[in-house]
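Have a look at the structure below, then the notes.
The values are calculated or read from the model by the stated rules, or taken from the named source; none is laboratory data. The model shown is predicted, which means the values in this text are computed figures rather than measured ones. All Cβ positions, even for glycine, are placed from backbone atoms using ideal geometry, and neighbour counts span all protein chains on display.
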Amino acid sequence: MKKQIITLTVAALTLSSCGIYTKYKPATEVPDNLYGEEVAVADTVDNIGNLSWQEIFTDPRLQELIEQGLRNNTDLQSAQWRVKEAEAAMLSAKLAYLPSFALSPQGTASSFDKGKAAQTYTLPVAASWEIDIFGKLTNAKRRAKALYLQSLEYEQAVTTSLIANVANMYYTLLMLDAQYNVSAETAAKWRESVKTMRAMKAAGMTDEAGVAQTEANCYMVEASLLDLKQQIREVENSLSILLGDVPDAIERGKLQGQSFPEELTVGVPLQLLSRRPDVKSAELSLAQAFYSTNAARSAFYPSITLGGTAGWTNSAGSMIINPGKLLLSAVGSLTQPLFNKGLNMAQLKIAKAQQEEAKLSFQQALLNAGSEVNNALTQVQVARGKTELRDGQITSLETAVRSTQLLMKHGNSTYLEVLTAQQSLLSAQLTQIADRFDEIQGIINLYQALGGGRE
């Protein structure tokens, strides 16, 4: 029997090179043209994703809000507790290499036919130690470490998303403020237009229809002010939630004068492997699946456990001795699975399938990241391209409004032409503000897409 056990052990050691001890090799390549063929990629490590968020978002008030969010946001705090959980699990996996000890004292008192009671006791300390010859504990430790690193990336993903969301909502408020101010100025001009139209009607220069249409347009602009007020309040409430605060008004700056880097370098796509938290998390999921497959392979090999007890006892079979004597025992066991209804093979197939799924998820995460970079960069470029065109449009419309107003006073134009010109000017002004916000939002999205927000 002893010879058979030794033979099984040697055979298992021979087979142990089938991957139960291999380490996961991190990815070192990404698909070609990950950012798109039209995106110029410099062979450099410089990109806006490497900048601190303080360098990107220079508005002092916004910086205060981001710092408040990093302190108080509940989602971020939950992510930090998840890191602690994973850290404890990793420590537990490391401690599995050490022997376990247990103290189990026993005492009995027995009497036969009302005779004097015989008292016995045993004070043993039991020890058990599993020898990790076939990688069971090693793979569990490596899997736990990958889970811990993944929890860190989850925390980073929450941090990056929080910074981007706070910035987006802050600049949304600045955009709404600017649109409110333009609409308020327009409403004041329309009220003056109503007075002018009424005076012209009294002088017989226009009719009641012109006055009514002008009043209707004035009411429309004033109603839009109420809509903007509602939107501002809703965004303030949403931002307060992100900051871990009750709904309150948000102190803020102005959209005009906000500055951002002119050169938006994206660096090499390979950097996404180290900077994008979701990409890193997907790869760490692949690493966990890899070690789960190794662990499934190790189930085919024997497990070796050493155990023993040491302690004092006064029981020597049928005799009771006093004082007690030291009792020592040691045992070694080897368990080799022979037949378990194909369970180990099924578990291995499941682990391999899950590893392939994790591989595909990792590949998809890379493709999603590349697409997000391209989308954000395109958004910024398009918004900046509109700026000059929009400036020219507004200049022309302002001239048209002045001209049609003068012409109407001299009877060479109708009130409809004036109303159309004023409405077109308001629409262009609001769109210009939205274009500026699109540019800022594109920069925020690009910063997040490149894995910005790391310390």
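For region 183-194, give me each residue that is within 13 Å of A216 (Cα to Cα) and over 47 Å from the mean Cα position of the chain (by Cα). Even if it seems obvious, please write down each step before you answer.
Looking only at region 183-194, we keep the residues that are within 13 Å of A216 (Cα to Cα), and these are 187, 190-191, 193-194.
Residues satisfying the conditions are W190, R191, S193, V194.
Scan region 264-272 and tell me whether some residue there is assigned to a loop (DSSP other than H, G, I, E, B), without any contact (Cβ under 8 Å) to a residue 60 or more places away in the chain and surrounded by fewer than 18 Cβ atoms within 10 Å (Cβ to Cβ).
Of all residues in region 264-272, those assigned to a loop (DSSP other than H, G, I, E, B) come to 264-268.
Pick out the ones that are also without any contact (Cβ under 8 Å) to a residue 60 or more places away in the chain and you get none.
Looking for residues that are assigned to a loop (DSSP other than H, G, I, E, B), without any contact (Cβ under 8 Å) to a residue 60 or more places away in the chain and surrounded by fewer than 18 Cβ atoms within 10 Å (Cβ to Cβ), one finds none in region 264-272, hence no.
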Checklist outcome for this item: Within region 381-399, residues out of contact with any Asp or Glu (no Cβ under 9 Å at 6 or more places or on another chain) and of a type in the set (G, A, S) come out as G385, G392, S396
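Would it be correct to say that Y171 is aromatic (F, W, Y), modelled with pLDDT of 75 or more, closer than 30 Å to L243 by Cα and touching a Lys or Arg at 6+ places or on another chain (Cβ under 7 Å)?
Working: aromatic (F, W, Y): yes; modelled with pLDDT of 75 or more: yes; closer than 30 Å to L243 by Cα: yes; touching a Lys or Arg at 6+ places or on another chain (Cβ under 7 Å): no.
No.
Which residue, of Q448, Q405, Q441, is over 23 Å from the mean Cα position of the chain (by Cα), in a helix (DSSP H, G or I) and surrounded by 15 or more Cβ atoms within 10 Å (Cβ to Cβ)? Give the steps one after another, and end with the answer.
On the way: Q448 fails: over 23 Å from the mean Cα position of the chain (by Cα); Q441 fails: over 23 Å from the mean Cα position of the chain (by Cα).
Going through Q448, Q405, Q441 in turn, the sole match is Q405.
So, A86, is that one at negative phi, modelled with pLDDT of 90 or more and either small (G, A, S) or in contact with a strand residue (DSSP E or B) (Cβ under 7 Å, 6 or more places away or on another chain) (or both) or not? Break it down into steps so the answer makes sense when it comes.
Working: at negative phi: yes; modelled with pLDDT of 90 or more: yes; either small (G, A, S) or in contact with a strand residue (DSSP E or B) (Cβ under 7 Å, 6 or more places away or on another chain) (or both): yes.
Here the answer is yes, as A86 does meet what is asked.
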Item to check | Condition met for E67 (out of contact with any Ser or Thr (no Cβ under 9 Å at 6 or more places or on another chain), at pLDDT 75 or above and closer than 30 Å to D245 by Cα) | outcome: yes
Checklist outcome for this item: In the set R384, R390, the lone residue that is among the basic types (K, R), under 24 Å from L62 (Cα atoms) and in contact with a helix residue (DSSP H, G or I) (Cβ under 8 Å, 6 or more places away or on another chain) is R384
Next on the checklist: Whether any residue in region 228-249 is farther than 30 Å from A287 by Cβ, assigned to a helix (DSSP H, G or I), of a type in the set (G, A, S) and touching a residue at least 60 places away in the same chain (Cβ under 8 Å) is what I want to check.
Outcome noted: yes
Item to check | Residues satisfying the stated conditions in region 210-227, i.e. buried (at least 16 other Cβ atoms within 10 Å of the Cβ) and without any contact (Cβ under 8 Å) to a residue 24 or more places away in the chain | outcome: V211, E215
Checklist entry - Is there a residue being part of a helix (DSSP H, G or I), touching a residue at least 12 places away in the same chain (Cβ under 8 Å) and surrounded by 20 or more Cβ atoms within 10 Å (Cβ to Cβ) anywhere in region 202-209? => result no
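I want to confirm something. Restricting to region 240-256 and keeping residues that are in contact with a Lys or Arg (Cβ under 8 Å, 6 or more places away or on another chain) and either of a type in the set (A, V, I, L, M) or under 15 Å from T74 (Cβ atoms) (or both), which single residue is surrounded by the fewest Cβ atoms within 10 Å (Cβ to Cβ)? Show your work before the answer.
Restricting attention to region 240-256, the residues satisfying the condition of being in contact with a Lys or Arg (Cβ under 8 Å, 6 or more places away or on another chain) are 244, 251-253, 255.
Adding the requirement that they be either of a type in the set (A, V, I, L, M) or under 15 Å from T74 (Cβ atoms) (or both) leaves 244, 255.
Working: G244: 16, L255: 19.
Within region 240-256, the match that is surrounded by the fewest Cβ atoms within 10 Å (Cβ to Cβ) is G244.
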Checklist entry - List the pairs whose first member sits in region 364-385 and is more than 13 Å from T265 (Cα to Cα), whose second member is of a type in the set (G, A, S), and whose Cβ atoms are under 7 Å apart, counting only residues at least 6 apart or on separate chains? => result A365/A282; A369/A449; E372/A449; Q379/G442; A383/G442
